[in-house]
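Down below is the structure, laid out as structure tokens.
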Amino acid sequence: MRPIDFRSDTVTKPTPAMRRAMAEAEVGDDVYGEDPTVNRLEERVAERLGLEAALFVPSGTQANQIAMGLHCRPGDEVITELGSHIVQYEGGALSALWGIQPQGLPGAHGLLTPEQVAAAVRSENIHAPRSKLLSLENTHNRGGGTVWPLERFRAVVEVARKAGLAVHLDGARLFNAQVATGTPASSWAKLTDTTSVCFSKGLGAPVGSALAGSKALIQEARRLRKRLGGGMRQAGLLAAGALHALEHHVERLAEDHAHARRLAAGLSELPGVKVEAARVETNILLVEFARPSGEMASRLNALGVLVNAFGPYTIRLVCHMDVSAADVEESLARIRRAVES
Ligand SMILES: *Cc1c(COP(=O)(O)O)cnc(C)c1O
């Protein structure tokens, strides 16, 4: 039985066309700024995000952490949502690397309100950390792939600006938000100081992310990347995969979103299964089963549906390039068996 892998959109394998683009990439030493493919990727990313410059980095975690280091000094505070990737999934890097203290606010499916952010900003007071940065996530992973409505995003950013905070956007899945809404990724990114994007999530490249911002910030980001050991030499081999992904795999994200909606509709017909179909905005699906999630995940894995437990009863399924429409139907049949047995 062929396993169908919904654990993450990071599990995709490069397509034959992507592998060819990588194999044939023109390369140079990128630490000297001499890799033409990396340079081209960085230009394209900056254009797409409506920001001046961009930097190619090995991972989304590194892109986010470089941004943290750019905007904050030790003892400073980043205001963010409680479930955000920078707090939950980056190995404690905020404190370990930079001495930054997070203030995590409880969001509604990952989204904050302007009032919440306004109330969170500290006034000048020797007892308090300095609020320096607002960091948002679009789409929001733990929220279930939630898209930030542009007007709400703008309102929250405005509150931060008025208080003198910098703004970072973790856009690991920003192109999912673009495809789901028809709003260009740049509409969100242009409002920020720095935005990160991942090529190795839904876009299907094997490796790589980028951080975009002003020329001055990205120049300093180059130093921080070096400091973190992220300077790569003939990185054009990897950048070619990312470029291919950007040119060929953005529009097709709509298929993943349709697959997630189809899964939601199919699962909502099963007894004891709760899924809020209206909340499936992109490629991520949060499903509540009657059995504890650890037990349910093992049952599903045994039937060839690979998933991650996400909460006591919640399981996350993520659709991506390597899950076809037929795989979705087959998965529904397998999940039905797991629920009914
Ligand atoms: C995956 C992800 C990242 C980056 O992860 P890496 O594995 O380090 O590339 C950052 N933010 C969010 C929201 C993510 O889902």
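Pairwise inverse Cα distances across the range 1-134, averaged and inverted, put the Kirkwood hydrodynamic radius at 18.2 Å. Relative protection proxy for 116-122, 175-181, from highest mean packing down: 175-181, 116-122 (other beta-carbon atoms within 10 angstrom). Computed over protein heavy atoms with a 1.4 Å probe, the carbon and sulfur contribution to the accessible area of the range 16-248 reaches 51%.
Just the number, please: Stokes-Einstein D of the range 136-209 in µm²/s, Kirkwood Rh from C-alpha pairs, 10 °C, 1.306 mPa s. Walk me through the intermediate numbers first.
Values: Rh = 12.5 Å.
After rounding, the answer is 127 µm²/s.
When only alpha carbons of the chain are considered, Rg and Dmax amount to 20.2, 62 Å.
Largest GNM mean-square fluctuation among VAL38, VAL197, VAL275, using the chain with Cα springs under 10 Å: VAL275. Taking a straight Cα-Cα cut-off under 21 Å and skipping sequence neighbours fewer than 8 places away in the same chain, the lysines within cross-link reach of LYS190 are LYS132, LYS162, LYS215. Can you give me the C-alpha center-to-center distance between the range 220-270 and the range 272-299, rounded to a whole angstrom? Their Cα centres are 23 Å away from one another. The DSSP beta bridges internal to the chain are antiparallel in roughly 50% of cases. Under 5 Å from the amide H of THR314 lie the amide H atoms of SER293, each residue being 5 or more positions distant or on a separate chain, with H modelled from the backbone and absent for Pro and chain starts.
Estimated from helices alone, the mean residue ellipticity of the chain at 222 nm is -12500 deg cm²/dmol (sum of -39500 (n - 2.57) over DSSP H runs with n ≥ 4, per residue).
Rounded to the nearest 5, the antiparallel percentage of DSSP beta bridges internal to the range 84-228 is 45%.
The values are calculated or read from the model by the stated rules, or taken from the named source; none is laboratory data. Owing to the predicted nature of the structure, the values given are computational and were not obtained by experimental measurement. Note that we place each Cβ from the backbone using ideal geometry, even for glycine, and neighbour counts take in every protein chain shown. Please note that ligands, DNA and RNA were not included when accessible areas were found on the heavy atoms of the full protein model with its side chains. Shrake-Rupley method; radii C 1.70, N 1.55, O 1.52, S 1.80 Å.
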